[in-house]
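Below: one structure, written as structure tokens.
The values are calculated or read from the model by the stated rules, or taken from the named source; none is laboratory data. On a predicted model such as this, the values are computed, not experimentally measured, just so you know. With ideal geometry, Cβ positions are generated from the backbone for all residues, glycine too; neighbour counts draw on all protein chains shown.
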Amino acid sequence: MQDKAQRILVVNAKGGCGKTTVATNLASYFARQYSTLLVDQDPQGSSMRWLSQRMDNLPKIVGMKGGDAGYRPNVTRAWLMQNPLYQKTIIDAPAGVAGHALAKLVAQVDTILIPVQPSPIDISATADFIRDLLLDGKIRQHGIRLGIVANRVKANTRIYHTLRRFLKTLGLPFVGILRDTQNYVRAVDEGLGIHDLPSSQTEADVEQWKTVINWLQNKFEVQKTTSIREHITARAAPLSVASNGNIAASGSV
Ligand SMILES: Nc1ncnc2c1ncn2[C@@H]1O[C@H](COP(=O)(O)OP(=O)(O)OP(=O)(O)O)[C@@H](O)[C@H]1O
Ligand SMILES: [Mg+2]
């Protein structure tokens with residue numbers, strides 16, 4: 001298990017793909033073992049709303065808004081990495097984040113998780129987002145680990161297979177699959193994570209989270225960002241997904 005402090009950014013410019021769901025579930029899992037900070041960078045404040053519902057008898061998560069004075073957004077990356085105030089810091093990013101704002105978030109972390117839903121619009125938008133992310137160059141420069149989590153998956157649907165193919169094409173580390181279940185909707189209302197719900201209801205979900213957590217805790221996967229970067233920069237046109245599930249550069253579908 002990795003004992004080093006870890007800073008995880010949950011991000012995708014695409015709205016509604018599950019950033020807050022992944023961030024809050026990770027925070028509630030890690031809070032059982034580690035000092036845990038959840039940073040809400042979204043002006044909508046969904047993570048902080050979730051945290052405000054959380055009962056006091058549950059493992060403590062410290063919450064901070066991106067704009068809070070204590071958050072210190074202007075300290076250097078080196079300072080942040082050498083002065084971990086919490087063993088786990090999880091940052092919930094807003095939808096639509098790009099450019100300088102994205103680069104600033106990336107500069108604060110060692111790990112990035114990108115939730116993506118298996119839908120044509122989500123896959124295309126995520127491809128564009130990943131290209132922006134990698135063009136910045138900091139991912140490689142700082143050795144940041146990047147993993148994709150497929151969220152709201154309905155197993156064996158055609159579009160799910162398209163998503164898998166898409167990720168394989170890009171050589172992206174595919175670090176977990178979360179099924180579509182009301183368990184997440186129920187949990188979010190009460191400031192809970194999937195691991196806080198009665199285990200009789202969540203066996204399948206807890207099993208799915210193991211893969212994501214294992215990837216986060218261990219350095220077993222060799223990053224392949226070189227090939228991703230080459231692949232993405234080589235493409236002039238954005239990727240799109242046709243109704244038949246084929247992936248192509250826009251204009252050639
Ligand atoms: N695996 C899942 N199964 C069922 N519902 C889910 C799942 N993941 C997320 N949801 C629901 O989908 C909606 C959007 O999820 P969430 O708020 O986590 O997305 P987001 O990426 O943070 O959105 P935004 O871009 O607005 O910040 C929420 O109502 C959430 O409860
Ligand atoms: Mg959100």
What pairs come up if the first residue lies in segment 169-194 and is more than 22 Å from Ala127 (Cβ to Cβ), the second is more than 12 Å from ligand 1 (Cβ to nearest atom) and among the charged types (D, E, K, R), and their beta carbons are under 8 Å apart, counting only those six or more places apart or on different chains? Ala187/Asp196; Glu190/Arg54; Gly191/Arg54; Leu192/Arg54
From the list Lys138, Lys219, pick out the single residue that is over 16 Å from Tyr29 (Cβ atoms) and either modelled with pLDDT of 95 or more or in contact with a strand residue (DSSP E or B) (Cβ under 9 Å, 6 or more places away or on another chain) (or both). Lys219
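Looking for something out of contact with any strand residue (DSSP E or B) (no Cβ under 6 Å at 6 or more places or on another chain) and either modelled with pLDDT of 95 or more or under 16 Å from Cys17 (Cβ atoms) (or both) - is there at least one such residue anywhere in segment 168-182? Steps first, please.
Residues of segment 168-182 out of contact with any strand residue (DSSP E or B) (no Cβ under 6 Å at 6 or more places or on another chain): 168-171, 181-182.
Those still in the list that are either modelled with pLDDT of 95 or more or under 16 Å from Cys17 (Cβ atoms) (or both) too: 181-182.
There is at least one residue in segment 168-182 that is out of contact with any strand residue (DSSP E or B) (no Cβ under 6 Å at 6 or more places or on another chain) and either modelled with pLDDT of 95 or more or under 16 Å from Cys17 (Cβ atoms) (or both).
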Just give me the residues in segment 63-87 being at pLDDT below 75 and either closer than 21 Å to Ala31 by Cβ or touching a strand residue (DSSP E or B) at 6+ places or on another chain (Cβ under 7 Å) (or both), in sequence order. Asp68, Gly70, Tyr71, Leu80, Asn83
Considering (1) farther than 12 Å from Ile91 by Cα; (2) more than 12 Å from ligand 2 (Cβ to nearest atom), say which one Trp50 fails and leave the rest. (2)
Which of the residues belonging to segment 86-98 are touching a helix residue (DSSP H, G or I) at 6+ places or on another chain (Cβ under 9 Å) and either of a type in the set (A, V, I, L, M) or within 13 Å of ligand 1 (Cβ to nearest atom) (or both)? Ile90, Ile91, Asp92, Ala93, Pro94, Ala95, Val97, Ala98
Of these, Pro118, Pro84, which one is part of a loop (DSSP other than H, G, I, E, B) and within 25 Å of Arg165 (Cβ to Cβ)? Pro118
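Conditions tested, residue by residue: (1) surrounded by fewer than 17 Cβ atoms within 10 Å (Cβ to Cβ); (2) assigned to a helix (DSSP H, G or I); (3) in contact with a Leu (Cβ under 9 Å, 6 or more places away or on another chain).
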| site | (1), (2), (3) |
| --- | --- |
| Ala127 | no, yes, yes |
| Arg140 | yes, yes, yes |
| Val149 | no, no, yes |
| Ala155 | yes, no, no |
| His161 | yes, yes, no |
| Phe166 | no, yes, yes |
| Leu172 | no, no, yes |
| Gln201 | yes, yes, no |
| Val212 | no, yes, yes |
Could you please give the count of residues in segment 87-115 that are within 27 Å of Arg32 (Cβ to Cβ) and assigned to a helix (DSSP H, G or I)? 1
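Report yes if Asp110 is among the acidic types (Asp, Glu), more than 16 Å from ligand 1 (Cβ to nearest atom) and either closer than 25 Å to Ile213 by Cβ or in contact with a Lys or Arg (Cβ under 8 Å, 6 or more places away or on another chain) (or both), otherwise no. Give the steps one after another, and end with the answer.
Values: among the acidic types (Asp, Glu): yes; more than 16 Å from ligand 1 (Cβ to nearest atom): yes; either closer than 25 Å to Ile213 by Cβ or in contact with a Lys or Arg (Cβ under 8 Å, 6 or more places away or on another chain) (or both): yes.
Here the answer is yes, as Asp110 does meet what is asked.
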Any residue at all in segment 9-29 that is at pLDDT 95 or above, more than 16 Å from ligand 1 (Cβ to nearest atom) and crowded, with 21+ Cβ neighbours inside 10 Å? no
